[in-house]
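Bear in mind that the values in this text are calculations on the coordinates, not laboratory data. Worth saying up front: this structure is predicted, and the values here are computed from it rather than measured. FYI the Cβ positions are ideal-geometry reconstructions off the backbone, even for glycines, and counts take in every protein chain you see.
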């Protein structure tokens with residue numbers, strides 16, 4: 001038996017759902033997971049500044065949703081983000097060509113998704129897209145943990161976790177539990193308890209997010225191993 005149903009198919013279907021709440025949630029999740037990767041690719045591959053990349057990313061998502069591109073996704077043909085990455089390549093290539101034609105006084109041509117498979121995606125840009133996607137998943141999970149802690153009256157638990165595991169991850173050496181305890185006025189044992197609980201819940205939120213962003217049990221397990229370094 002599969003570990004969970006094919007949630008990505010439901011998510012894609014919800015992008016064109018008549019249920020406004022389901023549609024809004026699906027759109028919100030897609031944009032939250034893919035906006036940063038899209039902006040990063042536009043800046044790296046197409047040499048756009050941040051403002052122009054953000055504008056084009058906004059236009060890309062609006063165009064993709066308006067034209068129902070994402071509902072064309074077929075799980076049997078690969079990962080959703082590979083499909084979205086291909087759509088982006090087609091859109092950005094056409095936008096780049098259109099800008100050149102406008103300068104020359106030529107006519108614009110519509111975006112053709114069928115041309116996307118012919119477009120070459122530089123390996124370094126593809127790696128950047130993957131890295132930014134992984135970071136987005138972690139960011140979504142972190143925000144869900146923050147909301148859970150806030151709702152449960154455990155804001156201090158989140159603050160301790162953020163100080164040690166998030167902020168501390170950028171330090172040469174992670175802060176000592178004693179330093180965190182002194183900073184927040186807590187016993188060291190309480191810091192340890194807070195971190196154990198928060199790490200467990202953060203991992204659960206990462207897995208929950210991946211379930212929403214993958215199309216099969218096999219893909220889910222593969223992504224979980226890649227992000228967490230072990231079986232889910």
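Measuring from label point to label point, each 7 Å out along Cα→Cβ, what is the residue 143 to residue 225 span in nm?
For residue 143 paired with residue 225, the spin-label model returns 3.0 nm.
Working out 0.36 nm times the residue gap between residue 46 and residue 130, then minus their Cα-Cα distance, what length gain in nm do you get to one decimal?
Extra length from residue 46 to residue 130 when fully extended: 28.5 nm.
Just to verify a number: FRET efficiency for residue 63 and residue 197, C-beta to C-beta distance, R0 = 45 Å, to 0.05?
0.55
How far apart, in nm, are the 7 Å Cα→Cβ label points at residue 24 and residue 204?
2.7
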